[in-house]
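Chemist: Take a look at the following structure, please.
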Amino acid sequence: MATVDEWIAHAETLPAVAMTVFEAAGNVPVTEREFYDPKVLSLALLSRSYNTFRAILALARQDFVPEMRTLVRSCYENLFLVVGLAEKGDGFIEEMLRDEQMAQIGTTKVLWQVHRAEVGDNDPLVKQLKSRIDWMKDHTPKPAFLNPGDAVANTSIEHTYLVYRNLSRDSAHPSITALKRHLDIEEVKGKLLMGLDVQPLPKEAERIETIDLACIALMALCMGVAGVLGVESSAEMIDAAQRYDRLKYGPEGFIDARPGCS
């Protein structure tokens, strides 16, 4: 079984693999769709993931596993959008736009409610914000949030939503499961005493799992973006995938044990 240091050493090679995708993209031509083009959006998602992954690496040698897992969750969310762009096409871009519009309406509505409570309906800013909300609603008849579950639904990686949910529950959100990380119970003179550990040490298995999930996400993002761009997987990408198999499954790599497979 590979050690934490071996997993980190492998992970540190992957940002360079992501760079091969950017290099393959060359100068993506600006179409009439400008930013709202699947190629541009997918490259922006890979850019976001590239930097998030580097932040994960910065934490990998430390004892901040919940923080790492929160960032890994972000990479999976980016992956869902890339796969949505690759497999659902223009309709998915419309879903992304409706999500943006819903968020803008919601933010403006909160501002309106706060100012309205402070100064009343007749204040010029309150009236301006209300007019803005009405205008946005009129010009965006179907605003709707695009949650990660909907984004990945009916895609080839729909099953990975469970990974995202687990990362949300045990790290990203202050759930009971996440809070129990800080629970410290010990037996003293036959009695159980409950305390709190401010900075609990992570288990090695969870550190490895977290790095593993991060590697899977970035490699899947690279392959997904390459697919959107219509470019072949780079030699570096193929080599990284083979090194991953050897790291996780041993010198022989992954072996399919189904009948007739070798």
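Chemist: Among what's in the range 229-246 and is in contact (Cβ under 8 Å) with a residue 12 or more places away in the chain and within 19 Å of ASP212 (Cβ to Cβ), pick the residue that is surrounded by the most Cβ atoms within 10 Å (Cβ to Cβ).
Modeler: Across the range 229-246, the extreme among qualifying residues is ALA240.
Chemist: Let me ask another. When you look at LEU179, is it over 21 Å from the mean Cα position of the chain (by Cα), more than 24 Å from ILE93 (Cα to Cα) and surrounded by 10 or more Cβ atoms within 10 Å (Cβ to Cβ), yes or no?
Modeler: So LEU179 passes the test.
Chemist: Looking at the structure I just gave you, is GLU252 in a strand (DSSP E or B), over 24 Å from the mean Cα position of the chain (by Cα) and free of Cβ contacts under 8 Å to residues at least 12 places away in the same chain?
Modeler: When the stated conditions are applied, GLU252 does not pass them.
Chemist: Taking into account only those residues within the range 83-115 that are touching a Ser or Thr at 6+ places or on another chain (Cβ under 9 Å) and not hydrophobic (A, V, I, L, M, F, W, C), which is surrounded by the most Cβ atoms within 10 Å (Cβ to Cβ)?
Modeler: Applying the filter and picking the extreme gives GLY84.
Chemist: Among the acidic types (Asp, Glu), closer than 30 Å to LEU218 by Cα and part of a helix (DSSP H, G or I), is that true of GLU100?
Modeler: yes
Chemist: Filter the range 183-224 down to the residues that are under 18 Å from MET237 (Cα atoms) and free of Cβ contacts under 8 Å to residues at least 60 places away in the same chain, then identify the one that is surrounded by the fewest Cβ atoms within 10 Å (Cβ to Cβ).
Modeler: Taking the candidates together, the pick is MET223.
Chemist: Do we find that PHE80 is more than 16 Å from the chain's Cα centre (by Cα), buried (at least 20 other Cβ atoms within 10 Å of the Cβ) and either of a type in the set (Ser, Thr, Tyr) or not in a loop (DSSP other than H, G, I, E, B) (or both) in this structure?
Modeler: no
Chemist: Given the conditions (1) under 18 Å from TYR164 (Cβ atoms); (2) at pLDDT below 95, report the number of the one that MET68 does not fulfil.
Modeler: (2)
Chemist: With the condition kept exactly as written, say whether any residue in the range 186-205 is closer than 18 Å to MET19 by Cα and either of a type in the set (A, V, I, L, M, F, W, C) or in contact with a Leu (Cβ under 6 Å, 6 or more places away or on another chain) (or both).
Modeler: No, because not a single residue in the range 186-205 is closer than 18 Å to MET19 by Cα and either of a type in the set (A, V, I, L, M, F, W, C) or in contact with a Leu (Cβ under 6 Å, 6 or more places away or on another chain) (or both).
Chemist: Would you call ASP170 free of Cβ contacts under 8 Å to residues at least 60 places away in the same chain and either in a helix (DSSP H, G or I) or of a type in the set (Asp, Glu) (or both)?
Modeler: No; evaluated as a whole, the condition is false for this residue.
Chemist: Let me ask something additional. Can you work out which of the residues in the range 141-176 that are among the hydroxyl-bearing types (Ser, Thr, Tyr) and exposed (fewer than 13 other Cβ atoms within 10 Å of the Cβ) is nearest to the chain's Cα centre (by Cα)?
Modeler: Per the criteria, the residue is SER156.
The values are calculated or read from the model by the stated rules, or taken from the named source; none is laboratory data. Quick caveat, the model's predicted, so the values are computed rather than measured. Don't worry about glycine lacking a Cβ; one is built from the backbone with ideal geometry, like all the others, and counts go over all protein chains shown.
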